[in-house]
Amino acid sequence: MSAVFTRVDDRLGEFALRPLDADADAALLHTWVTHPKAAFWLMQDADVTRVADEYRRIAAHPHHDAYLGLWRGSPAFLAERYDPAHVELVGLYDHQPGDVGMHFLCAPVGTPVHGFTRAVLTTVMAWLFADPATRRVVVEPDVRNTAVHALNAAVGFTVVGPIVKPEKDALLSVCTRAQFQAAADRAAATRTEGAPA
């Protein structure tokens, strides 16, 4: 399958997204979503069949889709996009026109690459905002997931507050296009200041 979005990170190179193939990608995804570092994905006990079933369900849903993320051509992350007026957040927050919900998961690796997760999140955000209809990105990570809260803040999210979902207590956060761009500009300025003279 061909990529639907590509972004070149100035330090880490090319990132891309392609539509997920629930059957062909299920075994790979299973190793990701059942890894201890993916505990907040809530699929620790899933087998390959359940993973395939879950992503077939998402593929068939009119308001939810999933994409496999590539780094330098190899599978490296998962991204989901959903309409929060119909999925995940129905009745739980003040929905605005142009809101898009998002989940992302980086593949577990033996040796972490500095800045990789932020580069993935930046890529996913750039992809969502590449659609002119997207006005805000909405996320609802587990309140205990402090690592992702810090990452979200770094790319421009502001916290709305805690919400109670059936499967977790979540921290609702939103990011406008302007907030994302301002965060990207700050990051670029920081890299420039730190560059050797």
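Couple of notes before you dig in:
- Residue 128 vs. criteria in contact with a Leu (Cβ under 9 Å, 6 or more places away or on another chain) and within 28 Å of residue 44 (Cα to Cα): no
- When residues in segment 124-148 are screened for being in a helix (DSSP H, G or I), of a type outside the set (Phe, Trp, Tyr) and open to solvent by less than 40 Å² (accessible area, probe 1.4 Å), 5 of them pass.
- Any chance residue 113 is open to solvent by 10 Å² or more (accessible area, probe 1.4 Å), among the β-branched types (Val, Ile, Thr) and under 23 Å from residue 5 (Cα atoms): yes
- Within the set 151, 121, the sole residue that is within 20 Å of residue 40 (Cα to Cα) and either touching a Phe, Trp or Tyr at 6+ places or on another chain (Cβ under 6 Å) or open to solvent by less than 30 Å² (accessible area, probe 1.4 Å) (or both) turns out to be 121.
- Matching entry among 82, 55 (being open to solvent by less than 10 Å² (accessible area, probe 1.4 Å) and modelled with pLDDT of 95 or more): 82
- Options 189, 178, 126, 170: the member that is farther than 28 Å from residue 90 by Cβ and either modelled with pLDDT under 95 or not hydroxyl-bearing (Ser, Thr, Tyr) (or both): 189
- Condition broken by residue 144, with the remaining ones in (1) at pLDDT 95 or above; (2) touching a strand residue (DSSP E or B) at 6+ places or on another chain (Cβ under 9 Å) satisfied: (1)
- Against the conditions (1) under 21 Å from residue 120 (Cα atoms); (2) free of Cβ contacts under 8 Å to residues at least 24 places away in the same chain; (3) open to solvent by 50 Å² or more (accessible area, probe 1.4 Å), residue 37 satisfies every one except (2).
- Per this entry, residue 96 is not counted among residues that are among the polar types (S, T, N, Q) and modelled with pLDDT under 90.
The values are calculated or read from the model by the stated rules, or taken from the named source; none is laboratory data. Values in this document were obtained by computation on a predicted structure and should not be read as measured data. Here Cβ is always computed from backbone atoms with ideal geometry, including for glycine, and neighbour counts include all displayed protein chains. All accessible areas refer to the heavy atoms of the entire protein, side chains included, with ligands and DNA or RNA removed. Shrake-Rupley method; radii C 1.70, N 1.55, O 1.52, S 1.80 Å.
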